[in-house]
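Report on one structure; see the data block that follows.
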Amino acid sequence: MANDDRVKLACRGVWKVFGRGAEEYMANDPTPTPDGLRAAGLMAGVRDVSLDIGEGEIFIVMGLSGSGKSTLLRCLSRLIEPTAGQVFLDGIDLLRAGEADLIEIRRHKMGMVFQHFALLPHLSVLDNVAFPLTIQGVPRPEREARAREVIELVGLGGRETAFPNQLSGGQQQRVGIARSLAVKPELWFLDEPFSALDPLIRGEMQAELLRLQSVLKKTMIFVTHDFDEAIRLADRIAIMKDGEVIQLGTPEQLVLEPADDYVAAFTRNVQRAKVVTARSVMGPIRNTSVHQIVRASDKIADIAPAVIEAGSPVPVIDEHEMVIGSLAPQVVIDTLIGKDARA
Ligand SMILES: Nc1ncnc2c1ncn2[C@@H]1O[C@H](COP(=O)(O)OP(=O)(O)OP(=O)(O)O)[C@@H](O)[C@H]1O
């Protein structure tokens with residue numbers, strides 16, 4: 001997260017320990033080892049996680065099955081009660097909110113999308129999407145207008161009267177997304193929302209999500225076990241293993257400097273040129289007569305043809321249009337073929 005970004009959601013020292021007597025055990029030993037817990041018949045789904053998630057950020061939680069992703073997401077949304085730790089939404093301690101406040105916060109500030117969320121089979125697309133507003137007591141004309149707006153937004157305009165069983169899996173997922181957006185959530189939790197879809201539809205839905213985000217600028221916490229999906233969507237990725245966040249960084253940071261073999265195993269098959277930026281591989285400023293120019297934030301894959309075509313080093317500019325380095329065609333080629341250009 002950039003320094004000047006506002007923190008929307010934060011957590012400090014969050015633990016979720018499963019098993020009878022977990023609270024008492026944690027009260028006696030606030031930093032238990034996995035072995036100690038096992039001996040007591042307990043198990044930590046989430047171990048001591050602290051995060052700051054910026055407003056408008058797409059924050060991905062990634063890891064193998066059983067690593068604790070869903071449990072962390074549920075703790076952050078307080079769908080389940082953490083055993084220890086704090087969660088702050090806009091600086092307010094969510095774990096101290098009373099039941100009534102929590103219902104209000106969930107209804108008005110949080111949206112949730114799950115892999116298998118139940119659309120109501122006897123309700124039309126319009127009524128499914130308007131359903132959360134019905135619960136809020138929003139009058140019919142207003143809730144239908146809002147529902148039509150979000151149905152349009154997710155590309156289902158014209159299908160308002162269809163029933164769920166008349167829609168494809170991808171379309172049903174769009175209805176679920178529209179329904180979660182109907183209440184204009186500030187925080188959007190998505191737990192493996194596209195995992196049940198075939199690869200082609202999945203790719204379309206990822207593109208759709210990025211398009212929606214460019215318009216809506218929600219704070220998004222998105223769980224996936226698919227690293228390709230993570231790097232396509234993420235501003236930052238938290239990698240989880242055995243309940244812990246073992247690395248947190250941009251896709252580029254994870255690919256260039258994986259913290260350990262577990263992270264490296266995810267990044268191995270990633271096309272480096274799709275995540276590495278000019279800033280990471282550029283050389284010193286050079287005098288050059290080339291007319292081409294690239295931005296420090298440009299991905300190598302996107303600028304490769306232009307730089308190779310230029311035939312000699314191309315100036316690199318930052319967000320203030322200042323020249324901060326140069327990018328040589330050979331470095332671009334090395335990145336494209338997966339050779340570590342920084343070596
Ligand atoms: N209610 C529960 N009681 C006991 N153990 C649980 C409970 N819920 C989750 N766990 C355990 O906590 C660990 C983390 O589970 P979690 O569902 O968060 O993993 P995940 O990374 O989301 O996995 P997946 O990708 O398979 O959904 C797992 O070992 C799981 O068995």
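Is at least one residue of region 170-184 touching a helix residue (DSSP H, G or I) at 6+ places or on another chain (Cβ under 7 Å), over 24 Å from Arg232 (Cα atoms) and not in a helix (DSSP H, G or I)?
Yes, because at least one residue in region 170-184 is touching a helix residue (DSSP H, G or I) at 6+ places or on another chain (Cβ under 7 Å), over 24 Å from Arg232 (Cα atoms) and not in a helix (DSSP H, G or I).
Scan region 220-236 residue by residue and report those that are within 14 Å of the ligand (Cβ to nearest atom) and not acidic (Asp, Glu).
Of everything in region 220-236, those that are within 14 Å of the ligand (Cβ to nearest atom) and not acidic (Asp, Glu) turn out to be Ile221, Phe222, Val223, Thr224, His225, Phe227, Ala230.
Quick one: how many residues across region 72-118 are in contact (Cβ under 8 Å) with a residue 40 or more places away in the chain, charged (D, E, K, R) and part of a strand (DSSP E or B)?
Residues flagged as in contact (Cβ under 8 Å) with a residue 40 or more places away in the chain, charged (D, E, K, R) and part of a strand (DSSP E or B) within region 72-118 amount to 0.
Which residues, taken from region 52-66, are in a loop (DSSP other than H, G, I, E, B) and away from the ligand (no atom under 16 Å from the Cβ)?
Glu55, Gly56, Glu57
Take Glu57 and tell me if it is surrounded by fewer than 19 Cβ atoms within 10 Å (Cβ to Cβ), charged (D, E, K, R) and out of contact with any Leu (no Cβ under 8 Å at 6 or more places or on another chain).
No.
Table: residues versus (1) at pLDDT 95 or above; (2) hydrophobic (A, V, I, L, M, F, W, C); (3) away from the ligand (no atom under 12 Å from the Cβ); (4) in contact with a strand residue (DSSP E or B) (Cβ under 6 Å, 6 or more places away or on another chain).
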position: Val14; (1), (2), (3), (4): yes, yes, yes, yes
position: Thr31; (1), (2), (3), (4): no, no, yes, no
position: Ser50; (1), (2), (3), (4): yes, no, yes, yes
position: Gly68; (1), (2), (3), (4): yes, no, no, yes
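For region 16-23, check the following and say yes or no: at least one residue is outside the structural domain of Pro251 (by TED's automatic domain parsing), surrounded by 14 or more Cβ atoms within 10 Å (Cβ to Cβ), at positive phi and within 15 Å of the ligand (Cβ to nearest atom).
Yes: region 16-23 contains one or more residues that are outside the structural domain of Pro251 (by TED's automatic domain parsing), surrounded by 14 or more Cβ atoms within 10 Å (Cβ to Cβ), at positive phi and within 15 Å of the ligand (Cβ to nearest atom).
Restricting attention to region 152-169, which residues are in a helix (DSSP H, G or I) and over 17 Å from Pro121 (Cα atoms)?
If the condition is that a residue be in a helix (DSSP H, G or I) and over 17 Å from Pro121 (Cα atoms), then Glu152, Leu153 are the ones that fit.
Report yes if Glu252 is acidic (Asp, Glu) and in contact with a Ser or Thr (Cβ under 9 Å, 6 or more places away or on another chain), otherwise no.
Taking the combined requirement at face value, the residue satisfies it.
Looking at region 256-312, what helices (runs of 4 or more DSSP H) fall wholly within it and have at least 3 residues that are without any contact (Cβ under 8 Å) to a residue 24 or more places away in the chain and at negative phi?
261-267, 300-310
Does Ile246 meet the test of being under 9 Å from the mean Cα position of the chain (by Cα) and closer than 14 Å to Gly63 by Cα?
no
Please work out if Ser65 is surrounded by 15 or more Cβ atoms within 10 Å (Cβ to Cβ) and either of a type in the set (Ser, Thr, Tyr) or free of Cβ contacts under 8 Å to residues at least 12 places away in the same chain (or both).
no
List the strands (runs of 3 or more DSSP E) that sit entirely inside region 208-251 and contain at least 2 residues that are more than 14 Å from Glu192 (Cβ to Cβ) and in the same structural domain as Gly170 (by TED's automatic domain parsing).
In region 208-251, the matching strands (runs of 3 or more DSSP E) lie at 236-241, 244-249.
If you scan region 141-155, which residues turn out to be farther than 16 Å from Val215 by Cβ and either within 24 Å of the chain's Cα centre (by Cα) or not basic (Lys, Arg) (or both)?
Pro141, Glu142, Glu144, Ala145, Ala147, listed by residue number.
The rows are residues; the columns are (1) surrounded by fewer than 19 Cβ atoms within 10 Å (Cβ to Cβ); (2) away from the ligand (no atom under 16 Å from the Cβ); (3) at pLDDT below 95.
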{"position": "Leu73", "(1), (2), (3)": "no, no, no"}
{"position": "Glu81", "(1), (2), (3)": "yes, no, yes"}
{"position": "Gly91", "(1), (2), (3)": "yes, yes, yes"}
{"position": "Gly98", "(1), (2), (3)": "yes, yes, yes"}
{"position": "Phe117", "(1), (2), (3)": "yes, no, yes"}
{"position": "Leu133", "(1), (2), (3)": "no, yes, yes"}
{"position": "Gly155", "(1), (2), (3)": "yes, yes, yes"}
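The values are calculated or read from the model by the stated rules, or taken from the named source; none is laboratory data. Only a predicted model underlies this, so the values are computations on that prediction, with no experimental measurement involved. FYI the Cβ positions are ideal-geometry reconstructions off the backbone, even for glycines, and counts take in every protein chain you see.
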